[in-house]
1. Looking at 26, 58, 34, which one is in contact (Cβ under 8 Å) with a residue 12 or more places away in the chain and either at negative phi or in contact with a strand residue (DSSP E or B) (Cβ under 8 Å, 6 or more places away or on another chain) (or both)?
2. All but one of (1) in contact (Cβ under 8 Å) with a residue 12 or more places away in the chain; (2) surrounded by fewer than 17 Cβ atoms within 10 Å (Cβ to Cβ); (3) not in a loop (DSSP other than H, G, I, E, B) hold for residue 68, so report the exception by its number.
3. Would a scan of segment 47-58 turn up a residue that is closer than 15 Å to residue 111 by Cβ, assigned to a strand (DSSP E or B) and at pLDDT 95 or above?
4. Is segment 40-54 home to any residue that is free of Cβ contacts under 8 Å to residues at least 24 places away in the same chain, more than 17 Å from residue 87 (Cβ to Cβ), out of contact with any strand residue (DSSP E or B) (no Cβ under 7 Å at 6 or more places or on another chain) and exposed (fewer than 15 other Cβ atoms within 10 Å of the Cβ)?
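The values are calculated or read from the model by the stated rules, or taken from the named source; none is laboratory data. This one's a predicted model, so the numbers in the text were calculated from it and none came from an experiment. Methodologically, a virtual Cβ is constructed for each residue, glycine included, from the backbone with ideal geometry; neighbour enumeration extends over all protein chains shown.
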């Protein structure tokens with residue numbers, strides 16, 4: 001008999017994440033739902049990827065691609081080619097690997113990330129042991 005590949009109803013809440021990864025001035029809350037991993041990043045004023053996550057990632061720029069919905073605060077993003085823009089509440093961003101980002105202003109940034117969260121703020125050795133999940 002074949003495997004049941006139908007989608008099943010699930011409801012999850014970031015108030016009870018499956019995993020939390022804390023780093024300087026921020027944290028990632030990760031949910032496993034619908035066969036995927038979805039992350040919520042909460043970043044405090046003063047947070048900058050190149051200062052607070054780079055030492056964990058061990059790369060010059062963030063190498064995680066992202067597909068994100070911006071809930072709160074202003075996140076400034078600089079791509080490897082030097083393009084720079086602000087992502088603000090209500091916006092969606094699709095970011096390729098190779099960028100830096102930082103919080104602008106005194107409000108915390110909250111972002112929901114559908115792609116890229118599974119390996120975010122993980123040590124290089126941990127990333128090698130478990131391949132990143134890609135969207136179907």
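1. Numbers: 58 fails: either at negative phi or in contact with a strand residue (DSSP E or B) (Cβ under 8 Å, 6 or more places away or on another chain) (or both); 34 fails: either at negative phi or in contact with a strand residue (DSSP E or B) (Cβ under 8 Å, 6 or more places away or on another chain) (or both).
Only one candidate qualifies: 26.
2. Among (1) in contact (Cβ under 8 Å) with a residue 12 or more places away in the chain; (2) surrounded by fewer than 17 Cβ atoms within 10 Å (Cβ to Cβ); (3) not in a loop (DSSP other than H, G, I, E, B), residue 68 violates only (2).
3. First pass over segment 47-58, keeping only residues closer than 15 Å to residue 111 by Cβ: 47-49, 52-53.
Right, trim to assigned to a strand (DSSP E or B) and you get 48.
Keeping just the survivors that are at pLDDT 95 or above gives 48.
Yes, that holds for at least one residue.
4. Filtering segment 40-54 down to residues free of Cβ contacts under 8 Å to residues at least 24 places away in the same chain leaves 54.
From the residues that got through so far, the ones that are more than 17 Å from residue 87 (Cβ to Cβ) too are 54.
When the remaining residues are screened for being out of contact with any strand residue (DSSP E or B) (no Cβ under 7 Å at 6 or more places or on another chain), the result is 54.
If we keep only those that are exposed (fewer than 15 other Cβ atoms within 10 Å of the Cβ) as well, we get none.
Within segment 40-54, none of the residues are free of Cβ contacts under 8 Å to residues at least 24 places away in the same chain, more than 17 Å from residue 87 (Cβ to Cβ), out of contact with any strand residue (DSSP E or B) (no Cβ under 7 Å at 6 or more places or on another chain) and exposed (fewer than 15 other Cβ atoms within 10 Å of the Cβ).
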